[in-house]
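Have a look at the structure below, then the notes.
Bear in mind that the values in this text are calculations on the coordinates, not laboratory data. Being a predicted model, the structure only gives us computed values, none of them experimental. Please note: Cβ atoms are built from the backbone with ideal geometry, for glycine as well, and neighbour counts cover all protein chains shown.
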Amino acid sequence: MTIRLEEESIVFVGKCGVEEVETLLTLLEAYPRSPVDLTQAETIHTAIWQALMMAKSDIRGIPSSSKIAPMILSAIGKNASF
Amino acid sequence: MDELMDQFAIEARELVQQASDDLLALERAPTDRGRLESAFRAIHTLKGSVGLFDLGPMHEVLHQAEELLTEARNTTIDIDAGFIDPLIAVVEWVDQCLDDIAREGKPSENLARQSKQILASLHAGETADDTPLAEIPPETVPDWAEAIAKAAGIDRGMSGAFVAVRYEPHPECFFSGDDPLATLAKMPDILHLQIAPKEPWPHRDNYDPFRCNLVIEALTAAAITDVEAVFRLIPDQIRIVGLTPLKQEKAELGAAPEPVQPHAQKMTTMRVEATRVDALLEIAGELVTAKNGLLPLAEDALVATSDERLSRRILSSHQEIERLVGALYSAVTRARMVPLDQTFRRFPRLVRETAARLGKSVDLIVEGEDVEADREIVEEIFEPLLHLVRNALDHGIEEEPDRTTSGKPPRGSLTLRARQRGERIEVELRDDGRGIEPDRIRSAAIAKGILSETVAATLSDATTLQLLFSPGFSTASTVSDLSGRGVGLDAVQMAAQRLGGHVELASTPSVGTVFTLSLPISFSMSRIMVVSVGEERYGVPIEGVIETIRLSQQNVTAVRAGEAFVLRDLTIPLLHLAELLQLKRRETLGTDLRVLIAQAGGERVGIVVDAIAERAETLLRPLSGLLRGLPGIAGTTVLGDGKVLLVLDLEELIG
């Protein structure tokens with residue numbers, strides 16, 4: 001599992017593909033207030049980003065290996081909570 | 001994560017500085033659109049970066065500041081103090097927040113509370129006047145492309161071409177294995193990215209995570225062909241628009257030049273940590289020392305083998321290495337050069353604040369900020385300059401009524417100007433204030449017992465003014481009452497000297513005062529002699545040493561509390577380096593003393609050391625940080641063995 005719950009945080013690890021999106025939504029539904037920690041993620045599929053954006057998740061950290069991730073975060077941030 | 005924060009801190013400072021520069025320039029030239037655009041870009045980018053972190057109210061404050069600037073860009077609201085002041089307050093507040101972030105990771109509670117006031121002042125500044133500017137000529141560029149360029153802070157007046165991309169992935173694209181953002185990320189040089197839902201988000205229960213509901217827009221500095229290549233398989237979902245630069249209208253006369261375009265800068269410059277360049281410079285300095293070892297080697301070879309060819313080969317290889325080391329050294333020296341602007345740009349805001357506090361209005365004119373010097377010199381020059389600027393504002397420039405009475409313009413003028421003179425730079429600070437009366441300096445010097453009346457009478461006006469730099473004047477409150485000059489001027493002189501330079505002063509009563517700092521462009525190689533005292537080794541600049549002698553202990557005579565000896569019919573006082581450095585003096589009965597004959601204050605002095613080791617050509621660096629105040633130390637250098645050596649300032653040590 002690349003997306004899982006760890007001590008009240010939804011943690012992404014490694015390559016998070018489109019197949020994980022339902023897991024994410026289930027977790028987000030069950031723990032709507034949990035922060036989502038992307039620090040350990042390597043790649044994140046657009047479907048996952050879209051779910052995060054839709055759910056206005058509280059995102060922590062930035063996938064270190066993805067160059068575009070900071071830009072995506074800032075772009076979805078603009079539409080989510082700011 | 002920390003790295004990102006570090007990067008943010010560096011960039012944020014630059015953006016704050018940029019915004020501050022632009023706002024101050026706008027204050028002087030309210031019609032300068034270029035400055036307005038630049039201020040907007042700086043605030044906009046700053047807001048974007050702040051958004052990546054949880055930094056309390058910073059985002060909201062910046063957002064409001066951006067709104068105000070946007071309004072100014074789109075309308076013709078007056079750019080006056082009512083507009084500029086709240087924005088300057090924002091910039092200062094953000095600057096303080098950055099200080100806090102550097103210390104504690106986030107803005108303090110106190111600053112967070114201040115944000116409310118700042119926001120209120122920003123709202124008050126929105127004196128809306130919704131008259132639109134002259135119609136922008138119709139363009140074939142679609143609105144969305146214009147909008148993203150605008151959102152990215154790209155002014156189409158800027159040179160360089162950009163490509164705007166609008167990507168509406170097919171709703172079922174996830175099923176065909178597409179990952180739109182990953183595809184987009186293949187595009188080089190992305191400058192800006194926007195993601196929005198194509199249709200409003202459905203309720204969670206109806207949300208289909210496998211349908212793509214996004215519109216992605218991006219702006220890139222890549223070539224349009226490269227962009228097309230990335231999306232060649234999905235032409236139906238993509239729109240690509242090239243944004244060629246608009247013909248730029250002639251800049252207004254006297255308008256500031258356009259700031260360097262960020263992406264062009266990216267191509268030609270890179271940010272390198274200063275310590276890495278320093279390490280290179282040190283290695284280059286050590287190489288200079290190391291290559292010196294080849295000369296004796298050539299001699300040894302000749303002696304040991306009588307093979308002249310071998311010796312000559314070593315010599316010619318020494319020459320080649322010498323040439324290369326010289327080239328390396330000067331290349332690294334150049335790498336450390338930065339424009340004086342890095343220090344000069346801190347002054348406009350400072351002058352504005354200080355002048356406002358003193359109830360004076362002063363225009364600061366900065367010239368020659370693109371003159372370059374060694375990074376350390378550019379940094380270190382700030383404090384002495386700050387001192388001089390404060391002095392000029394506080395004491396040089398008169399209050400407005402006084403100025404009017406003496407027929408001067410009510411606003412004072414302060415000019416900060418740099419120019420290059422051969423291997424040196426000259427930084428001049430000129431005010432049009434009340435100037436300094438030499439006679440008052442004379443009488444103060446007499447009163448302080450620095451000069452006798454007869455000597456004072458013979459001093460020229462120019463020489464008299466230089467008295468202000470002498471330490472005797474530095475803390476004299478009488479002087480600050482007298483003319484306002486003098487307080488701490490010796491500190492300015494010392495700072496300049498530490499950097500291998502000096503300060504001069506010229507003044508005409510009731511016309512103004514000019515301070516000129518003359519400094520080297522970079523630190524040069526100097527020859528030192530390495531001496532040892534007990535276990536410690538020190539460097540002594542060779543130019544300060546006239547000769548070295550062996551002195552028999554029998555020839556040392558006790559003279560009152562001290563010692564002296566006779567050298568070629570001249571009686572010379574003898575000092576021990578160990579004592580000067582407050583180290584334990586080693587008793588060496590019977591053996592000859594090793595003595596450096598040095599010139600100090602026009603007199604010869606013998607200085608006893610335990611041993612004289614090698615001579616070396618090295619790079620002398622001024623003291624920094626904690627060592628700075630150390631008396632008697634001229635600087636530090638790194639020797640071939642990697643050890644740091646303190647280089648003594650014999651004259652100061654003896655004095």
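Peptide packing for B:645-652, B:103-110 was compared via the average number of neighbouring C-beta atoms within 10 Å per residue; ordered from the highest value, the list is B:645-652, B:103-110. Spacing of the modelled spin labels on B:Ser108 and B:Gln599, each 7 Å from Cα toward Cβ, amounts to 5.3 nm.
Here the gap between B:Thr225 and B:Arg411, fully extended at 0.36 nm per residue and compared with their Cα-Cα distance, gives a gain of 61.4 nm. Taking a ≥ b ≥ c as the square roots of the eigenvalues of the Cα gyration tensor, chain B is classed as oblate, since a/c reaches at least 1.5 and a/b does not exceed b/c. The convex hull defined by the C-alpha atoms of chain A has an orientation-averaged projected area of 4.5 nm².
Between the residues B:Leu52, B:Ala102, B:Pro438, the greatest Cα displacement towards the positive end of the dipole of the protein assembly as shown, with unit charges on the Cβ of Lys, Arg, Asp and Glu, is found for B:Pro438. Among the listed pairs B:Lys106/B:Lys360; B:Lys150/B:Lys198; B:Lys150/B:Lys360; B:Lys106/B:Lys186; A:Lys56/B:Lys47, those with a Cα-Cα distance over 31 Å are B:Lys106/B:Lys360; B:Lys150/B:Lys360; B:Lys106/B:Lys186. Taking a label point 7 Å from the Cα of B:Ala161 along the Cα→Cβ vector, which residues of region B:206-235 have an amide N closer than 13 Å to it? Those under the cut-off are B:221-228.
Modelled label positions at B:Glu172 and B:Ala462, each set 7 Å beyond Cα in the direction of Cβ, lie 9.0 nm from each other. Cα gyration tensor of region B:71-124, axes a ≥ b ≥ c as square roots of the eigenvalues: rounded (a/c below 1.5), prolate (a/b > b/c) or oblate? Because a/c hits 1.5 or more and a/b exceeds b/c, region B:71-124 counts as prolate. Highest mean packing comes first when the peptides A:63-73, B:164-174 are listed by Cβ atoms within 10 Å, giving B:164-174, A:63-73.
Of the residues B:Phe162, B:Phe565, the one with the fewest other Cβ atoms within 10 Å heads the list, and the complete ranking is B:Phe565, B:Phe162. Dividing the alpha-carbon radius of gyration of region B:278-336 by the rule-of-thumb value 2.2 N^0.38 Å gives 1.34. Computed over region B:359-520, the quotient of the alpha carbon radius of gyration and 2.2 N^0.38 Å is 1.05.
Inter-chain Cβ neighbour count for B:46-54, averaged per residue, equals 3 (cutoff 10 Å, partner chain atoms only).
Taking the fewest neighbouring Cβ atoms within 10 Å as the starting point, the ordered list for B:Arg419, B:Arg403, B:Arg604 is B:Arg419, B:Arg604, B:Arg403.
The mean number of Cβ atoms from other chains found within 10 Å of a Cβ in peptide A:65-77 is 6, as a whole number. Kirkwood-type hydrodynamic radius, region B:303-427: 18.2 Å, calculated from all non-identical alpha-carbon pairs.
For the pair B:Ser361 and B:Arg313, the difference between a 0.36 nm per residue extended length and the Cα-Cα distance amounts to 10.3 nm. The orientation-averaged projection of the convex hull spanning the C-alpha atoms of the protein assembly as shown amounts to 46.5 square nanometres. Overall, region B:571-614 carries a charge dipole of about 80 debye about its Cα centre when +1 sits on the Cβ of Lys and Arg and -1 on the Cβ of Asp and Glu, all other atoms neutral. Think of each Lys and Arg Cβ as +1 and each Asp and Glu Cβ as -1; about the Cα centre, that makes the dipole of region B:1-83 roughly 280 debye. Listing A:Ile62, B:Ile43, B:Ile365 from fewest to most neighbouring C-beta atoms within 10 Å gives B:Ile365, A:Ile62, B:Ile43. With a Cα-only, solvent-free Debye model of region B:525-654, what are the log10 I(q)/I(0) values at q = 0.11, 0.17, 0.21 Å⁻¹? For region B:525-654, the Cα-only Debye profile gives -0.38, -0.89, -1.31. Calculated FRET efficiency, B:Glu547 to B:Met270, Cβ-Cβ distance, R0 = 51 Å: about 0.55 to the nearest 0.05. Summarising the label geometry, the points placed 7 Å from Cα in the beta-carbon direction at B:Glu11 and B:Glu651 lie 4.9 nm from one another. For region A:20-66, the calculated P(r), taken from all Cα-Cα distances in 5 Å bins from zero up to the bin holding the longest distance, is 5, 21, 33, 29, 10, 1 percent.
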